[in-house]
1. Starting from the 7 Å offset along Cα-to-Cβ, what nm value, one decimal, do you get for the label separation of residue 397 and residue 496?
2. Using only helices, what value at 222 nm comes out for the chain when you add -39,500 (n - 2.57) per DSSP H run of length 4 or more and divide by the total residues, to the nearest 500 deg cm²/dmol?
3. So what's Rg/Rh here for region 116-260, counting alpha carbon atoms and using the Kirkwood radius for Rh?
4. Residue 258: net charge of surrounding residues, Cβ under 13 Å, Lys/Arg +1, Asp/Glu -1, itself excluded?
5. What number in nm² do you get for region 436-521 if you take the convex hull of its Cα atoms and divide its surface by four?
6. Pull out the extension gain between residue 22 and residue 1, defined as 0.36 nm times the separation in residues minus the alpha carbon to alpha carbon distance; nm, one decimal.
7. So what's the net charge close to residue 43: Lys and Arg +1, Asp and Glu -1, counting the other residues with Cβ under 12 Å from its Cβ?
8. Compute for the chain: radius of gyration divided by Kirkwood radius, i.e. Rg/Rh, restricted to C-alpha atoms, rounded to two decimals.
Amino acid sequence: MLNSDKFSEANKHFSKAQSLSAVHADYNSQYIFSLVADGKIDSANKLIARLDPSQKETFLFQFIEGVHLINNRNYFLAKKKFKSIKTNNVLFKELKNYVQLWLNVSLSNETDQEKKINSFETSFPNIKLIQSLLLYGHVQNNDLYLKASKEILSKNQLGRYHFFHVIYLVEKNKIDEAKRVIENQLKINPNNLLTKQSYMALTDNNLSFFKGFYESVNINHGISELLYLFSNLFQQQDRTNLSKLFFSLSNYLNPSFISNKLLIFENQLISKQSLGFDEKLSQSISNLGGEFYWYVNFNKLSFDKNNLTEKNEPVLKNLIKYLSENKYFHFSKLMNMGDYYRSIKDYNQAISYYDQAEKYASQKDLDWRFYYSRGICKERLKQWSLADKDFILALKQSPKEYRVMNYMAYSWLERGIYYNKALQLLEEAVDVSKWEHGYVIDSLGWAHYLLNNFEKAESLLELAYTKAPNEAEVYDHYGDVLWKNNKKIQAKYVWSNALKLQSLEKDRKVKIKEKILNGIN
């Protein structure tokens, strides 16, 4: 259960085996991790407290105890706890020192505060800059805060903390300045939910949106953000369990912050098949504003696209209604709807949404992806000349986009035209994609097959077969060329394996069964 991220189920089972505590080396750490990952930090702290001193002298156990003290506002005891923690791990040491810095600064006078922040030694200058911004906001040293914010705003990669500065500006009633920060962020990252919702809130003068997520004077919120930052660092290092643990501790100290809620929802998207959605969480995110409402409900709809039931039909209707009434960010939402209908193979409806999106698009919006998506729908509807026009426009935007090259060339092969031209385009696509994608190699192999270059086709299709183990079409093509090269037993074996794949469509399944019985005429 633990390895499947079913933390609540895991700690229920662990709780029934507490006799293992003294005799099983991993029991306590696994049980406590399951509790923390499930958000049950108070229960984890009680379990740690019951351990023998020798068992709980680990960094993570002591760190959990320290965070529990912070959450209960026992800052002097927390300071003592973190001072006693020992570790040789570079990131653990850095994190521990930053928590101590927050506690020391919070409990110091104004003169000492600046000295402690400036003299803090770190291996990560951007983290120090972020912490300086948040700490100066916490102690309300406006001059030093504004100095740090100026440097933060000069770094596009720190866009998250541009939003924190916007909260500060709104609190100071500097609305025009806040708008400029958000508008600049939209240019840099136009799809960021928080930025888009902030833009809507500032434009509509809905300043209450910026209240309650992060209170700079609340030390718990400051340390929560520190833990969130380190959770992301551990994620970048593929240390997933540590990332989950520190994220859960971050959420414990500030359960209201938007990013925490969104990350929980995104994790549920990944594991929905086994866990289901937390409807209360989904609703609380939706209530944050229109962009969040759209994001949550569209993702739930997309996840259930293969199950068009009474449950998700109202979701679709509500999204369409919201789209007709909403005045912000039409292009991205219309593209969402086009992509959705394309995914369920309603190509006429998809084209309708793509065409509407084009009317709202800026020149920057109409990138290769737009033309490629619409071109696929037109090709599926056998509107071939219109499809080719879109593919050509896509390649004009991105001349080396192998996905477009592959799709257009394979379409020609399917239509029985431009074989040599398709072959040339596919050779380029395979080179551009560095021979990494089985479906592109398959297209090139199929081009050689159609040109009766069966020996060359077999070597390419064999490679595609090894690189795309879940693609029924690749299996089908490889079986065909094996048959043509008089390797009939191998061909039937490959075709038989294709029948086991989930990606196998009904029409192809019928044809493969026919080939297994009678071969290729």
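Each reported figure results from applying straightforward, stated rules to the coordinates on display, with no laboratory input. Every value quoted in this text rests on a predicted model; they were computed, and no experiment measured them. For neighbour counting, all protein chains shown are included, and Cβ atoms are generated from backbone atoms with ideal geometry for every residue, glycine included.
1. My value for the distance between the label points is 4.6 nm.
2. The helix contribution divided over the chain gives -22500 deg cm²/dmol.
3. Using only Cα positions, Rg/Rh for region 116-260 is 0.95.
4. Within the 13 Å Cβ shell, the charges total +1.
5. Averaged projected hull area, Cα only: 5.0 nm².
6. Gain in length upon complete extension: 5.4 nm.
7. +2
8. In the chain, Rg relative to Rh is 1.05.
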